[in-house]
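Written below as structure tokens is the structure these notes are about.
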Amino acid sequence: MAIPWKEECGIFGVYGHPEAANLTYLGLYALQHRGQESAGIVSSDGSGLYAHKEMGLVSEIFDTEVLKRLPGRSAIGHVRYSTAGKSHLKNAQPFVFSYSKGGIAIAHNGNLTNARTLREELEKEGAIFQSTMDTEVVIHLFAHAQISPAVERVIAALKEIKGAYSLLFLNEKELIAARDPHGFRPLVLGRLKKGYVVGSETCALDLIGAEFIREIEPGEILTINEDGIQSFHPFPKVKPKFCIFEFIYFARPDSYIFGHNVYQVRRELGIQLAEEHPVEADIVIPTPDSGFPASIGFSHRSGIPLELGIIRNHYVGRTFIEPKESIRHFGVKIKLNSVKEAIRDKRVVVLDDSIVRGTTVRKNMRMIRNSGTKETHVRISSPPIIGPCFYGIDTPTKEELIASSHSVEEIRRFLRVHSLGYLSLEGLKKCVSPREEEFCYACFTGEYPIKAPKEEKIQLNFFIKEV
Ligand code: AMP
């Protein structure tokens, strides 16, 4: 189930292939789950940059005509997560700028924690910003650095910023990829017969037949140009802090990131959950789609058969028009519906990956109960979320996170179910062992590896009409 969190994005880039824009389109298509608000591609033909970006899904934005207008042997692309309400084309990426040495495009997945402070300083010095995105700060810092080559400018800019970033830069001659020193967000490198690819997850490499070479390391900067690949490690080494939520919810199960296959980790979460919270029940049912792998693990360990008790409508897109107020109570059934015949008169365990506000889960449970279950039990394949994320996912505020102010028993009553069991933090860590110390668990512990910003949201104090 999707709720409107923001800023989780996907990035993809190709260097040295005659079909760079087409391949980037396919790569973004595979990464669509990381962002459905807007998408964009910037290509380079060696002498200029060509850009196209729009609001909407990758398949809605790009067709053969648009892709033809993106020539050249290298390209980068970006998909941005859906937000509730109005969203702005001016915030769609990649951003393209020209500076004293030519053009530069940037695509960012992550969230900078000191962007506001940096932006205020830059604005005092006369910088004019085009968007409200933290990413733009990086480009201003890049342009300010009076050095060349481009990678030195990138390093100078990145030395100023704090937070989470997997970044792609493209200029006329090269593609530069960078990952923050903690490596919060994933970034992988692959090889094509002709050229190289970089992207958020390996599922995008698979789609275009690229061979996975390796993950780009935390704190590593790569340049890919006609001399090949060069690696830089300009930052002092710090402990990796890979985002555990990529495994719980975001990344695609067929991807390999942070040293693990996502499906296998999620299946382990389900096994662990069955050990921690056993239950007498007739069937296990997953909440589509993110609940599937953990349900398989839970069913496997508990011996309780898996059934499809909830079906998801996969065609609910951005184009869905909210019906009139009078019939809005259809609510959750727009996306999910129960298979009454499969769950009626049964003791049912419903698996979901996480509880955020608790509101959609509550509606789902009402739907399940109304389908005539004998008992309804809920098992969650992650610990209670008690704190917002400042490293790439614009989560609700702490107050809106139900587990930040309610006990498990209170949440159980709110959901109106017979039992509720969350995976423990220790259990979660077991599933990514032996690298468990390399992950960020801040949303479950409130212990933030980089100081949380006080008020980093940038407000526009003027109005721009988009035409
Ligand atoms: P809620 O009812 O607000 O607790 O939402 C829980 C549901 O949201 C679960 O089914 C999760 O799969 C899903 N979910 C968790 N994190 C996110 C996210 N960042 N974006 C969209 N959906 C999410």
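Skip the ligands, DNA and RNA, and give the accessible area per residue of the chain with a 1.4 Å probe, whole Å².
Numbers: 20270 Å² over 467 residues.
Ligands and nucleic acids excluded, the figure is 43 Å² per residue.
Probe 1.4 Å, all protein chains in place: accessible area of residue 239 in Å², nearest 10?
120
What is the gain in length, in nm to one decimal, between residue 359 and residue 334 on full extension, counting 0.36 nm per residue of separation less the C-alpha to C-alpha distance? Show your work: numbers first, answer last.
Values: separation 25, 0.36 × 25 = 9.00 nm, distance 1.51 nm.
Working it through step by step, the gained length comes to 7.5 nm.
Roughly what % antiparallel, to the nearest 5, for the DSSP beta bridges in the chain?
On the way: 66 of 83 bridges.
Antiparallel bridges: around 80 percent, rounded to the nearest 5.
Modelling each spin label as a point 7 Å along the Cα-to-Cβ direction, I'd like the residue 235/residue 54 distance in nm, to one decimal.
Distance between the two pseudo-spin positions: 3.6 nm.
Go through 90/162; 90/239; 340/363; 193/239; 53/101; 159/194 and tell me which ones have a Cα-Cα distance over 27 Å in this structure. Can you show the working numbers first?
On the way: 90/162 23 Å; 90/239 35 Å; 340/363 16 Å; 193/239 35 Å; 53/101 24 Å; 159/194 33 Å.
With Cα atoms farther than 27 Å apart: 90/239; 193/239; 159/194.
Under 1.5 on a/c is rounded, so check that first for the range 9-241, then, if it is not, pick prolate when a/b is larger than b/c and oblate when it is not; a ≥ b ≥ c are the square roots of the alpha carbon gyration tensor eigenvalues. Provide the component values of the computation, followed by the final result.
Details: a/c = 1.34, a/b = 1.17, b/c = 1.14.
Cα axes put the range 9-241 in the rounded bin.
I need the calculated FRET efficiency for the pair residue 276 and residue 313, taking r as the beta carbon distance and R₀ as 30 Å, to the nearest 0.05. Kindly include the intermediate steps, with their values, before the conclusion.
Working: r = 32 Å, r/R0 = 1.07.
With a Förster radius of 30 Å, E is 0.40.
Go through 107, 143, 175 and say which Cα lies farthest out towards the positive end of the charge dipole of the chain; charges sit on Cβ, +1 for Lys and Arg, -1 for Asp and Glu.
107
Enumerate the amide H contacts of residue 385 below 5 Å, restricted to partners 5 or more residues apart or on another chain; note that Pro and chain-start residues carry no placed amide H.
Close amide H contacts, sequence-distant or interchain: 355, 403.
Using label points projected 7 Å from each Cα along Cα→Cβ, tell me how many nm separate residue 226 and residue 156, to one decimal.
2.5
Starting with the highest mean, order 342-350, 117-125 by the number of other Cβ atoms within 10 Å, averaged over the residues of each peptide. Each step should come with its number before you reach the end.
Values: 342-350: 21.1, 117-125: 14.1.
Per-residue Cβ counts within 10 Å, averaged per peptide and sorted highest first, yield 342-350, 117-125.
Run the numbers for residue 426 and residue 407: contour at 0.36 nm per residue of separation, minus the present Cα-Cα distance, in nm. Intermediate results must be reported in sequence, preceding the final value.
On the way: separation 19, 0.36 × 19 = 6.84 nm, distance 1.84 nm.
Extending this stretch completely gives an extra 5.0 nm.
Leaving out ligands, DNA and RNA, and with a 1.4 Å probe, what % of the accessible surface on the range 9-241 is carbon or sulfur? Working shown, then result.
Numbers: 4400 of 8800 Å².
The computed percentage sits at 50.
On the protein heavy atoms, probe 1.4 angstrom, tell me the percent of accessible surface of the range 348-436 carried by carbon and sulfur. Walk me through the intermediate numbers first.
Numbers: 1720 of 3450 Å².
Using a 1.4 Å probe with all protein chains present, the range 348-436 comes out at 50 percent carbon and sulfur.
Between residue 344 and residue 451, what is the label-point separation in nm under the 7 Å Cα-to-beta-carbon projection?
It is 6.1 nm.
Size of the dipole of the chain about the Cα centre, Lys and Arg at +1 and Asp and Glu at -1 on the beta carbon, nothing else charged, in debye to 20?
Numbers: 58 positive and 57 negative charges, 214 e Å.
Rounded to the nearest 20 debye, it is 1020 debye.
The values are calculated or read from the model by the stated rules, or taken from the named source; none is laboratory data. Just so we're clear, the structure is a prediction, and the values are computed from it rather than from any experiment. Please note: Cβ atoms are built from the backbone with ideal geometry, for glycine as well, and neighbour counts cover all protein chains shown. Side chains included, ligands, DNA and RNA excluded: accessible areas come from the protein's heavy atoms. Shrake-Rupley method; radii C 1.70, N 1.55, O 1.52, S 1.80 Å.
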